[in-house]
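Only one structure is covered here, and it is reproduced in the block below.
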Amino acid sequence: MTAQAGRAGTSPAPRSLPRVLGPIRPRARWQELRLLLLVALTLAIGSVSLGTALTGEVGLHDPWGLGIYLAALLGAHGAQVLAGRRTDQILLPAVAMLGGLSLLLMERLPQDLVIQRFFGTSFGLAEVQLIWLVGAITVAATLGIIVRSDSWLRRYKYTWAAVGVGLLLLTFVLGTEINGQRLTLQIGPISGQPSELLKVILVVFLAGYLSENRALLVEQDTRVGPLRLPPLPYLAPMVAMWAIALGIVVVQRDLGAALLFFGVFLALLYAATGRISLVLIGLVLFLLGSAAMANLFEHIRTRIDIWIDPFSDPLGAGYQVIQALHAFARGGLLGMGLGGGLPEIGGRPPIPEIHTDFPLAALGEELGIVGVVAILGIYLVIVQRGLRIGVAAADDYRSLLAIGLALVIGIQAFIIAAGNLKVLPLTGVTLPFISYGGSSLLANAVVVGLLLALSDKGVEPPPLPRPGSRWRRLTRRAAA
Amino acid sequence: MDGFTLVLWGARLLFLLLLYVFLARVIRALLRDLRAAAREPVDRPGRLVVLESPGGEPAVGRSFGLDVITPLGRDVNNAIVIDDPFASAEHAVLTYRGRSWYLEDLESTNGSYINGQPIDGVAALGYGDELQIGQVRFRLERTRA
């Protein structure tokens with residue numbers, strides 16, 4: 001009867017407004033500063049190591065590039081101190097260390113791998129990467145400072161999903177093909193890889209969908225023989241997801257993105273429901289799909305054949321994988337030292353796509369297994385921070401968003417690291433924060449920025465849920 | 001071994017060492033954070049925050065720590081007493097089972113609502129959901145923030 005009467009009067013908006021515009025008090029972030037100083041020292045020593053090995057004289061290699069990078073980090077730290085938010089203090093240093101390693105690596109590779117011209121000046125590999133790194137740090141810090149409400153993500157999840165599907169279709173139709181993969185979208189002077197942005201949109205949508213329907217997925221059962229499945233209509237997004245992943249493989253020939261999307265989807269599904277049966281169904285679907293794909297498409301079969309035995313075609317298809325394995329082998333325990341690896345063959349590095357697909361092999365050669373383990377450790381730290389932020393979040397949506405964002409970075413790093421090491425078939429995803437490439441760096445910066453914003457302890461409470469989603473009302477009516 | 005080679009090796013090893021010093025410091029910070037979180041009492045799986053209460057009892061903004069079984073109603077023997085003319089004496093029970101919260105309506109006169117929808121018997125709800133008993137509205141929140 002009067003149950004709905006009081007609703008109109010209370011809206012959280014007036015209370016949250018002064019908070020956004022209110023006075024800003026600087027808040028020191030000593031832990032972050034200490035860790036950043038350690039990052040700076042480490043990178044300076046790395047630069048000395050690189051410079052000494054390359055020139056034969058003791059000194060820093062490219063002090064200007066390193067200086068600009070460290071100044072950008074300090075700026076991001078200073079801006080966060082001034083903004084005074086109680087956000088995470090470990091994510092930025094961890095990302096800064098990976099970015100610094102990327103800078104050292106790109107300075108070390110042949111500069112003419114990438115040449116881009118801006119305003120009549122041409123920039124080489126390291127300079128372009130430095131520009132993107134500074135941009136990425138700016139994006140992450142800015143998002144961490146200004147994002148105070150998640151309602152723009154939460155409310156419009158279907159809009160975001162539509163944007164994502166639109167991007168995907170646009171790439172299908174207008175994308176330019178590079179190395180047999182239709183990944184790059186070029187509109188006028190701007191070119192980028194939409195699949196990098198798509199992974200963020202995917203997490204935003206899935207977190208919204210799963211948090212809204214979590215109770216139904218956990219609670220109700222459809223029994224099929226011995227299996228207890230969730231209600232069948234709720235499996236529809238799972239099947240849709242599977243179809244999209246397969247579509248990416250068929251049209252874009254992008255095995256890595258498909259693997260990443262489906263992996264993140266299954267992990268989030270498990271995080272939301274705790275039902276292992278869903279994950280098992282997903283894995284079975286995935287294996288069936290992969291088997292069918294491998295039978296239907298030549299390029300996928302080639303990938304798998306190379307993975308099983310790269311030495312069957314050492315100068316053709318298996319060339320890259322074998323060279324990467326050799327690089328790891330040359331690196332050994334302590335590595336050849338920065339600048340010590342990669343004897344160039346005729347002025348080219350032995351691995352053609354070393355700056356995008358095989359940075360871990362290059363680092364493995366120069367820093368050895370000891371260095372590679374440290375790098376993988378830093379990725380684990382980032383994932384741990386994300387999961388921790390998710391556990392501490394105030395409601396299900398923020399939990400799932402944080403967990404999904406952290407897992408995107410973790411799973412992507414795993415896929416490409418495993419590809420480099422011949423643990424999984426090689427796929428063309430980037431190593432987050434280390435690989436060369438603007439799209440990849442900026443998309444991962446968005447992930448880190450959102451994680452920073454979500455980690456704030458003093459943030460405004462989650463918005464009130466809308467009175468029942470349309471879908472829920474529909475199913476309720478059907479059940480009644 | 002001349003000085004140059006010494007510097008080269010020194011820089012290489014120092015760089016690797018510093019990578020691990022960084023990792024060790026970060027992991028120490030993570031452990032400290034986890035230990036601090038573990039020290040906080042976690043015996044209460046959630047809390048109810050009062051969003052709206054025309055009668056003033058319970059007061060708006062008040063937060064109730066929840067037990068695994070929490071009865072709500074107008075009677076003083078309920079864990080959360082709702083002094084509202086539209087609430088029944090034994091109105092509803094909030095329970096935490098497995099990984100989920102459930103609200104059970106105890107055949108109250110005016111019913112219980114989750115996110116504005118009347119529930120029929122037992123219904124599951126998640127953190128962030130809003131429940132209404134009589135004219136009093138609550139939001140279910142995670143205890144640790």
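The values are calculated or read from the model by the stated rules, or taken from the named source; none is laboratory data. A quick note: this is a predicted structure, and the numbers were derived from the prediction, not measured. Backbone-built Cβ (ideal geometry, glycine too); neighbour counts: all protein chains shown.
Under the condition of being surrounded by 21 or more Cβ atoms within 10 Å (Cβ to Cβ) and at the interface with chain A (Cβ under 8 Å from one of its Cβ atoms), which residue from segment B:136-145 is modelled with the lowest pLDDT?
B:Arg139
In this structure, is B:Leu51 touching a helix residue (DSSP H, G or I) at 6+ places or on another chain (Cβ under 7 Å), within 11 Å of another protein chain (Cβ to nearest Cβ) and crowded, with 16+ Cβ neighbours inside 10 Å? Steps first, please.
Numbers: touching a helix residue (DSSP H, G or I) at 6+ places or on another chain (Cβ under 7 Å): no; within 11 Å of another protein chain (Cβ to nearest Cβ): yes; crowded, with 16+ Cβ neighbours inside 10 Å: yes.
Taking the combined requirement at face value, the residue does not satisfy it.
Of everything in segment B:113-130, what is touching a residue at least 24 places away in the same chain (Cβ under 8 Å) and among the aromatic types (Phe, Trp, Tyr)? Give them in sequence order.
Hit for segment B:113-130 is B:Tyr127, nothing else.
Got a sec? Which of B:Asp83, B:Asp105 is over 30 Å from B:Arg35 (Cα atoms), surrounded by fewer than 19 Cβ atoms within 10 Å (Cβ to Cβ) and not β-branched (Val, Ile, Thr)? I'd like the intermediate steps shown before the answer.
Details: B:Asp105 fails: surrounded by fewer than 19 Cβ atoms within 10 Å (Cβ to Cβ).
B:Asp83 is the lone residue from the list that is over 30 Å from B:Arg35 (Cα atoms), surrounded by fewer than 19 Cβ atoms within 10 Å (Cβ to Cβ) and not β-branched (Val, Ile, Thr).
For the subset of segment B:1-31 comprising residues that are charged (D, E, K, R) and over 21 Å from A:Tyr379 (Cβ atoms), which member is farthest from the other protein chains (Cβ to nearest Cβ)?
Start the filter on segment B:1-31 by keeping residues that are charged (D, E, K, R), which leaves B:2, B:12, B:25, B:28.
Filter once more, so that each one left must be over 21 Å from A:Tyr379 (Cβ atoms): B:2, B:12.
Values: B:Asp2: 12, B:Arg12: 4 Å.
Checking each candidate, the answer is B:Asp2.
Could you say which residue among B:Arg97, B:Arg62 is farther than 25 Å from A:Arg214 by Cβ, under 23 Å from the mean Cα position of the chain (by Cα) and among the basic types (Lys, Arg)?
Going through B:Arg97, B:Arg62 in turn, the sole match is B:Arg62.
To keep it simple, each residue is scored yes or no on (1) of a type outside the set (Phe, Trp, Tyr); (2) at pLDDT below 75; (3) not in a loop (DSSP other than H, G, I, E, B).
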position	(1), (2), (3)
A:Arg228	yes, yes, yes
A:Leu235	yes, yes, yes
A:Met241	yes, yes, yes
A:Leu246	yes, yes, yes
A:Ala257	yes, no, yes
A:Gly263	yes, no, yes
A:Tyr270	no, no, yes
A:Leu280	yes, no, yes
A:Leu283	yes, no, yes
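Failed condition for A:Thr356, given (1) away from chain B (no Cβ under 11 Å); (2) of a type in the set (Val, Ile, Thr); (3) touching a helix residue (DSSP H, G or I) at 6+ places or on another chain (Cβ under 6 Å), with all others met?
Answer for A:Thr356: the failing condition is (3).
How do the pairs read when you match residues in segment A:67-79 that are over 15 Å from A:Leu104 (Cβ atoms) with residues anywhere that are surrounded by 17 or more Cβ atoms within 10 Å (Cβ to Cβ) and of a type outside the set (Asp, Glu), using Cβ under 6 Å and keeping only pairs 6 or more apart or on different chains?
Listed pairs, sorted by first residue: A:Ala72/A:Val134; A:Ala72/A:Ile137; A:Ala76/A:Ile137; A:Ala76/A:Ala141; A:His77/A:Leu36; A:Ala79/A:Ala141.
Yes/no per residue for (1) within 11 Å of chain B (Cβ to nearest Cβ); (2) modelled with pLDDT under 85:
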{"site": "A:Leu35", "(1), (2)": "yes, no"}
{"site": "A:Thr42", "(1), (2)": "yes, no"}
{"site": "A:Ser47", "(1), (2)": "yes, no"}
{"site": "A:Gly59", "(1), (2)": "yes, yes"}
{"site": "A:Trp64", "(1), (2)": "no, no"}
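Using the structure shown, decide if B:Val93 is under 25 Å from A:Asp395 (Cα atoms), more than 8 Å from chain A (Cβ to nearest Cβ), touching a strand residue (DSSP E or B) at 6+ places or on another chain (Cβ under 6 Å) and at pLDDT below 85.
no
Out of everything in segment B:121-133 that is farther than 21 Å from A:Leu210 by Cα and more than 8 Å from chain A (Cβ to nearest Cβ), what residue ends up being surrounded by the fewest Cβ atoms within 10 Å (Cβ to Cβ)?
B:Gly121
Check B:Tyr113, B:Tyr102 and return the single one that is more than 13 Å from the chain's Cα centre (by Cα), more than 8 Å from every other protein chain (Cβ to nearest Cβ) and aromatic (Phe, Trp, Tyr).
Every option except B:Tyr102 fails the conditions.
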